[in-house]
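Engineer: Structure provided below as structure tokens; questions to follow.
The values are calculated or read from the model by the stated rules, or taken from the named source; none is laboratory data. What you see is a predicted model; the values in this text were computed from it and never measured. All Cβ positions, glycine included, derive from the backbone under ideal geometry; neighbour counts span all protein chains shown. Side chains are part of the model used for accessible areas, which takes the heavy atoms of the whole protein and leaves out ligands, DNA and RNA. Shrake-Rupley method; radii C 1.70, N 1.55, O 1.52, S 1.80 Å.
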Protein chains: 2
Amino acid sequence: MFVIITYDVGEKRVGKVCKKLREYLDWTQNSVFEGEITIGKYTQCMADLSNIVDKDTDSIYVYEVKNPRNIKKVIHGREKNPFDLFL
Amino acid sequence: MFVIITYDVGEKRVGKVCKKLREYLDWTQNSVFEGEITIGKYTQCMADLSNIVDKDTDSIYVYEVKNPRNIKKVIHGREKNPFDLFL
């Protein structure tokens with residue numbers, strides 16, 4: 001399936017969450033990742049993240065899209081690329 | 001249509017972009033908004049945003065979803081609500 005994942009986590013955990021998501025998905029911009037992922041890998045990804053985040057204060061939003069053909073991404077302004085993540 | 005909008009803009013423009021998007025959509029978390037919007041309002045929203053952002057450095061990503069039934073939102077951890085925006 002195709003997923004878009006956004007996170008809003010405490011500053012101390014941002015790096016860890018970002019690093020973990022990069023193992024599974026493509027970074028889009030800011031705190032947004034997206035990509036095709038199998039149910040198995042998605043389950044593993046969520047399990048990994050649950051060990052990092054503070055469930056009382058942090059949040060991870062996942063948009064699960066049944067078929068990527070149902071979604072269209074339009075970029076206004078500058079397209080960020082993976083290298084921006086390291087600037 | 002249903003849209004998810006995320007933005008990555010210069011610090012000086014974050015407030016303005018956020019305020020503008022709140023006129024059209026529901027705030028989800030961090031720099032993410034979502035909601036049902038007509039083509040007309042969406043066009044207007046994008047025109048308004050283009051007057052705020054710096055096209056060379058800022059970016060607005062829009063995921064357009066044909067039918068909201070094709071997308072499922074799953075929240076892990078704490079669900080943010082609109083009041084968080086003012087904290």
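Engineer: Would the stretch A:39-54 turn up any residue that is at pLDDT below 95 and in contact with a Ser or Thr (Cβ under 7 Å, 6 or more places away or on another chain)?
Structural biologist: Within the stretch A:39-54, not a single residue is at pLDDT below 95 and in contact with a Ser or Thr (Cβ under 7 Å, 6 or more places away or on another chain).
Engineer: Then there is this: For the stretch B:56-80, give me the residue count where each residue is more than 22 Å from B:Lys16 (Cβ to Cβ) and outside any strand (DSSP E or B).
Structural biologist: Going through the stretch B:56-80 one residue at a time, the tally reaches 7.
Quick grid of which residues meet (1) basic (Lys, Arg); (2) open to solvent by less than 20 Å² (accessible area, probe 1.4 Å):
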residue: A:Thr28; (1), (2): no, yes
residue: A:Val32; (1), (2): no, yes
residue: A:Gly40; (1), (2): no, no
residue: A:Ile52; (1), (2): no, no
residue: A:Asp56; (1), (2): no, no
residue: A:Tyr61; (1), (2): no, yes
residue: A:Lys66; (1), (2): yes, no
residue: A:Arg69; (1), (2): yes, no
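Engineer: Just wondering, is there one or more residues in the stretch B:10-19 that are in contact with a strand residue (DSSP E or B) (Cβ under 9 Å, 6 or more places away or on another chain), among the basic types (Lys, Arg) and either open to solvent by 80 Å² or more (accessible area, probe 1.4 Å) or part of a loop (DSSP other than H, G, I, E, B) (or both)?
Structural biologist: Looking through the stretch B:10-19, none of the residues is in contact with a strand residue (DSSP E or B) (Cβ under 9 Å, 6 or more places away or on another chain), among the basic types (Lys, Arg) and either open to solvent by 80 Å² or more (accessible area, probe 1.4 Å) or part of a loop (DSSP other than H, G, I, E, B) (or both).
Engineer: Can you pull out every residue in the stretch A:50-66 that is within 7 Å of chain B (Cβ to nearest Cβ) and touching a residue at least 24 places away in the same chain (Cβ under 8 Å)?
Structural biologist: Result: A:Val53, A:Thr57, A:Asp58, A:Ser59, A:Ile60, A:Tyr61, A:Val62, A:Tyr63, A:Glu64, A:Val65, A:Lys66.
Engineer: Across the stretch B:71-85, which residue is modelled with the lowest pLDDT among those that are under 18 Å from the mean Cα position of the chain (by Cα) and open to solvent by 40 Å² or more (accessible area, probe 1.4 Å)?
Structural biologist: B:Leu85
Engineer: Right, something else. What are the residues in the stretch A:10-32 that are among the hydrophobic types (A, V, I, L, M, F, W, C), in contact with a Cys (Cβ under 9 Å, 6 or more places away or on another chain) and modelled with pLDDT under 95, if any?
Structural biologist: Across the stretch A:10-32, the qualifying residue is only A:Trp27.
Engineer: When you go through (1) outside any helix (DSSP H, G or I); (2) within 11 Å of another protein chain (Cβ to nearest Cβ) one by one for B:Gly35, which number turns out not to apply?
Structural biologist: Here B:Gly35 meets the rest and fails (2).
Engineer: If you take the residues of the stretch B:4-26 that are under 8 Å from the mean Cα position of the chain (by Cα) and within 11 Å of chain A (Cβ to nearest Cβ), which of them is farthest from B:Pro68 (Cα to Cα)?
Structural biologist: B:Tyr7
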